[in-house]
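Following: one structure in structure tokens, then a few remarks.
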Amino acid sequence: MVGGAKTMSVTRRSVVAGGLALPFAARAAGSPRVVVIGGGFGGASAARALGRYAPGVDVTLVEANATFTACPFSNHVIAGLRDIAAQRFGYKSVGTKVVHAEATGVDATARRVTLNNGTVLAYDRLILSPGIDIAWDKLPGYDEAASERMPHAWKAGAQTLLLRKQLAAMKDGGTVVMSVPANPYRCPPGPYERASLIAWYLKTHKPRSKLLVLDAKDAFSKQKLFQAGWAKLYPGILKWVSASDGGTVTRVDPATLTFATDFGSHKADVANVIPPQKAGRIAAVAGVADKTGWCPIDPVTFESRLVPGVHVIGDAAIAGAMPKSAFAANAQAKVCALAIARLLEGGTPDDPRLINTCYSLLAPHYGISVAGIYRPAKGLLTDIPDAGGTSPLDAPDSFRAQEAANADAWFRTITHEAFG
């Protein structure tokens, strides 16, 4: 993202989301108040960015949990390649006030947020970065109780460890079945990285076992790269079934670990259900989620199209062509923070350019990537033609190894940007 900022002397500076950001001198008089709800990659990055762009603004980050567990690289935990402790981050270095409580109410007219401890926070601008919730009513047979038998592991933490434990306990020769939902959902290539790393685990530790991936789509992110890698690394182990070939799961039975499709049923020894999703609960409470369950926003400021003064970033936002990813949330946080700083001083935000890069690992030293650049057009974020791309399809092993190293460096960088 490249955008501009107007300082108090009405000079302009450019900012790149996803790269280094230049500071913004905010209006000091009046101490405007910004409340940020949600302390993931979007919310924590927004709070830190506001501290840089608008140091005169009173910023409060509201997050229920004292520790954040990151989803990127959690597939490595499932495959036994990484400890869950490496996924955990605190908020001591965020640089703003942090309140560990749950936001239970938003009064957009009075511009107040109510917390579950009785605290009421007034705001001039509110940023919501609530991530996702599971849409428990969208897949027959799958509810919160079922997730203890058929974990989704799409929110990192206990579910991640449960799926890892189930894989470790499965006898060699068993069958792992994954289901993948239709778009949209958090991290479009995430299920296919997970399939790859589960296949690596099976190949390495349980070589007589199989993995079946049932998909509600016929096409997916980085498909040619994934399928070329699967053919090379996991022949006879990993089978992907598209929607056209009967991959859409219509019902699950947690008692028997069975997946039903219109073409038949599949019984698993280990079952991973990646279910339909929606914006995190506070989005509906605040009135910023539409009938899709996601949040329509202005692509320049990320202000809600439904509720003035409330901005939505990250997975919860309907961001057009820009995918739901940690990198996207971080980039959107910077754009939103800069826009709010401009709005609070009475200015008009510039049209941004936003960057997203997504790495996926198919094995410990085999990485692939996709990148895109986006701009506002016709009320949505749209791809800038020929500005992005994917890893070369015919790259040598050394290139794949370098991409895996780049992924590790990216994770260190983005977690530092969000959590310090």
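The values are calculated or read from the model by the stated rules, or taken from the named source; none is laboratory data. Every value quoted in this text rests on a predicted model; they were computed, and no experiment measured them. Note that we place each Cβ from the backbone using ideal geometry, even for glycine, and neighbour counts take in every protein chain shown.
At a glance:
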| item | result |
| --- | --- |
| Positions within region 198-248 being among the small types (Gly, Ala, Ser), surrounded by fewer than 17 Cβ atoms within 10 Å (Cβ to Cβ) and within 14 Å of Leu361 (Cα to Cα), in sequence order | Ala228 |
| Considering residues of region 59-82 that are out of contact with any His (no Cβ under 9 Å at 6 or more places or on another chain) and without any contact (Cβ under 8 Å) to a residue 40 or more places away in the chain only, the residue farthest from Ile132 (Cα to Cα) | Val59 |
| Some residue of region 292-310 being surrounded by fewer than 21 Cβ atoms within 10 Å (Cβ to Cβ) and more than 30 Å from Arg353 (Cβ to Cβ) | no |
| Matching residues, region 167-183, being closer than 16 Å to Lys203 by Cα, in contact (Cβ under 8 Å) with a residue 24 or more places away in the chain and not in a loop (DSSP other than H, G, I, E, B) | Leu167, Ala168, Thr175, Val176, Val177 |
| Residue under evaluation Leu238, criteria (1) under 11 Å from Val176 (Cα atoms); (2) in contact (Cβ under 8 Å) with a residue 40 or more places away in the chain; (3) touching a Ser or Thr at 6+ places or on another chain (Cβ under 7 Å), criterion not met | (3) |
| Which numbered condition Tyr91 misses (of (1) under 18 Å from the mean Cα position of the chain (by Cα); (2) farther than 23 Å from Ala317 by Cα; (3) crowded, with 18+ Cβ neighbours inside 10 Å) | (1) |
| Selected residue (only one of Ala409, Ala371, Ala395, Ala418 is crowded, with 21+ Cβ neighbours inside 10 Å, closer than 27 Å to Val77 by Cα and either aliphatic (A, V, I, L, M) or touching a residue at least 40 places away in the same chain (Cβ under 8 Å) (or both)) | Ala418 |
| Condition check for Lys155: within 22 Å of Thr261 (Cα to Cα) and part of a loop (DSSP other than H, G, I, E, B) | no |
| Verdict on Ala283 being assigned to a helix (DSSP H, G or I), out of contact with any strand residue (DSSP E or B) (no Cβ under 8 Å at 6 or more places or on another chain) and either touching a residue at least 40 places away in the same chain (Cβ under 8 Å) or at positive phi (or both) | no |
| Residues of region 376-403 satisfying the condition of being under 21 Å from the mean Cα position of the chain (by Cα) and part of a strand (DSSP E or B) | Pro376, Leu380, Leu381, Thr382, Asp383, Gly389, Thr390 |
| Sole residue being in a loop (DSSP other than H, G, I, E, B) and buried (at least 24 other Cβ atoms within 10 Å of the Cβ), chosen from Gly43, Gly39, Gly56 | Gly39 |
| Unique residue being assigned by TED's automatic domain parsing to the domain that holds Thr60, crowded, with 16+ Cβ neighbours inside 10 Å and not in a loop (DSSP other than H, G, I, E, B) when the list is Leu338, Leu362 | Leu338 |
| Residue within region 181-190 that is modelled with pLDDT of 95 or more and touching a Gly at 6+ places or on another chain (Cβ under 8 Å) present | yes |
| Number of the exception - Glu148 against (1) farther than 23 Å from Asn272 by Cα; (2) of a type outside the set (A, V, I, L, M); (3) assigned by TED's automatic domain parsing to the domain that holds Ala182 | (1) |
| Condition check for Asp218: among the charged types (D, E, K, R), within 26 Å of the chain's Cα centre (by Cα) and outside any helix (DSSP H, G or I) | yes |
| Condition broken by Ala328, with the remaining ones in (1) without any contact (Cβ under 8 Å) to a residue 60 or more places away in the chain; (2) surrounded by 22 or more Cβ atoms within 10 Å (Cβ to Cβ); (3) touching a helix residue (DSSP H, G or I) at 6+ places or on another chain (Cβ under 7 Å) satisfied | (3) |
| Unique residue being assigned to a loop (DSSP other than H, G, I, E, B), in the same structural domain as Gly105 (by TED's automatic domain parsing) and modelled with pLDDT of 95 or more when the list is Gly236, Gly293, Gly247 | Gly293 |
